[in-house]
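Below is one structure, written out as structure tokens; comments come after it.
The values are calculated or read from the model by the stated rules, or taken from the named source; none is laboratory data. All values reported here derive from a predicted model rather than from experimental measurement. Heads up, the Cβs are rebuilt from the backbone with ideal geometry, glycines too, and the neighbour counts pull from every protein chain shown. Calculation scope for accessible area: heavy atoms of the full protein, side chains included, ligands and nucleic acids excluded. Shrake-Rupley method; radii C 1.70, N 1.55, O 1.52, S 1.80 Å.
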Amino acid sequence: MDDEELFWRASFVPKVKKYPFKNYNPKIAFMFLTKGAIPLAPLWEMFFKGNEGLYNIYVHPHPSYEDSVAEDSVFYGRRIPSKAVQWGKPSMIDAERRLLANALLDFTNERFVLLSESCIPLFNFTTTYNYLLNTNESHIGSLDDPRKTGRGRYNPSMFPTISLPQWRKGSQWFELTRNLALEIVSDTTYYQVFSEYCSPPCYMDEHYIPTLINIVLPDKNSNRSVTWVDWSKPDPHPGKFGRAAISEDFLNNVRFGSGNCSYNGNITSMCFLFARKFLPNTLQPLLELATVLFSSNQSLTYI
């Protein structure tokens, strides 16, 4: 299918609300937007192990990438038809919508997580699953940033379809409910405006989904991401982490020491389920600390 037909099919909504599936379990769609290989795949294999039937995986690599995935891997056969992606261009959003649309074709997918090849899980699968399935909120950063890198990127030509007070900025690494995923793949109005009027220094991946959600379903968004990144340095890209940075203290600080947030109306220090950007050489120390990340004694605590 081309994108137009794919988005059309993915936007179907069943009128009968009760699922006809036997032994139905809602699933999380883990969607990997990558350049090619997933170098941290062995860590993800440990994360997914034993939880078959509770997740689906979708991988969108560069179309020229040649797979070399073992048949016993959870990533085997999970590649979707892809197109080339350029940072800061509409093609980035096209890829995200392509992933969402493929995932929406499976009606058992109820939550949708966008990840990159540099992302890692911060907790075991059960903790992550319960965290996402036990809330009705999506997790998308959608901020009214008054700075030049926020409101300063708004193009007045977007008016009246999009007004300056509606304009938002946020991380592209989202987690969505099915309803919000449907809004994104079925949208033609706002996507068209962004495609025409959002060009550097306006970047669609930072503004399109945060603005769209703010317009159509703002009350269904927690207004925060569940993917941690390091913005402590003045750089257009978040900090990267290599082998030397990995330690138990570092991981626990990311998991519990990055500030407090709201979850279902309560305050918790458990705000992030994933983190990025981790270089390929972090794999071995991460595997050595997997017992810390994937401990069975993990539960959401409130402050």
Conditions (1) in contact with a Gly (Cβ under 9 Å, 6 or more places away or on another chain); (2) crowded, with 19+ Cβ neighbours inside 10 Å; (3) among the aliphatic types (A, V, I, L, M) -> ALA275 fails only (1)
Give me the residue from segment 115-146 that is part of a loop (DSSP other than H, G, I, E, B), out of contact with any Gly (no Cβ under 7 Å at 6 or more places or on another chain) and among the hydrophobic types (A, V, I, L, M, F, W, C) and, out of that set, farthest from LYS277 (Cα to Cα). PHE123
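Can you confirm whether segment 103-114 contains a residue that is among the polar types (S, T, N, Q), open to solvent by less than 20 Å² (accessible area, probe 1.4 Å) and under 16 Å from PHE272 (Cβ atoms)?
No: segment 103-114 contains no residue that is among the polar types (S, T, N, Q), open to solvent by less than 20 Å² (accessible area, probe 1.4 Å) and under 16 Å from PHE272 (Cβ atoms).
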Selection from segment 192-238 of residues open to solvent by 40 Å² or more (accessible area, probe 1.4 Å), under 30 Å from ASP2 (Cβ atoms) and aromatic (Phe, Trp, Tyr) yields TYR197, TYR203
State the number of residues belonging to segment 74-99 that are crowded, with 16+ Cβ neighbours inside 10 Å and over 26 Å from ASP187 (Cβ atoms). 2
Got at least one residue in segment 45-59 being surrounded by 18 or more Cβ atoms within 10 Å (Cβ to Cβ) and more than 30 Å from SER296 (Cα to Cα)? no
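Every residue, every condition in (1) touching a residue at least 24 places away in the same chain (Cβ under 8 Å); (2) farther than 23 Å from THR282 by Cα, yes or no:
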residue: PHE12; (1), (2): no, yes
residue: PRO26; (1), (2): yes, yes
residue: GLU52; (1), (2): no, yes
residue: ASP67; (1), (2): no, no
residue: ALA70; (1), (2): no, no
residue: ARG79; (1), (2): no, yes
Within segment 153-164, track down each residue that is more than 25 Å from the chain's Cα centre (by Cα) and surrounded by fewer than 20 Cβ atoms within 10 Å (Cβ to Cβ). ASN155, PRO156, SER157, PHE159, PRO160, THR161, SER163, LEU164
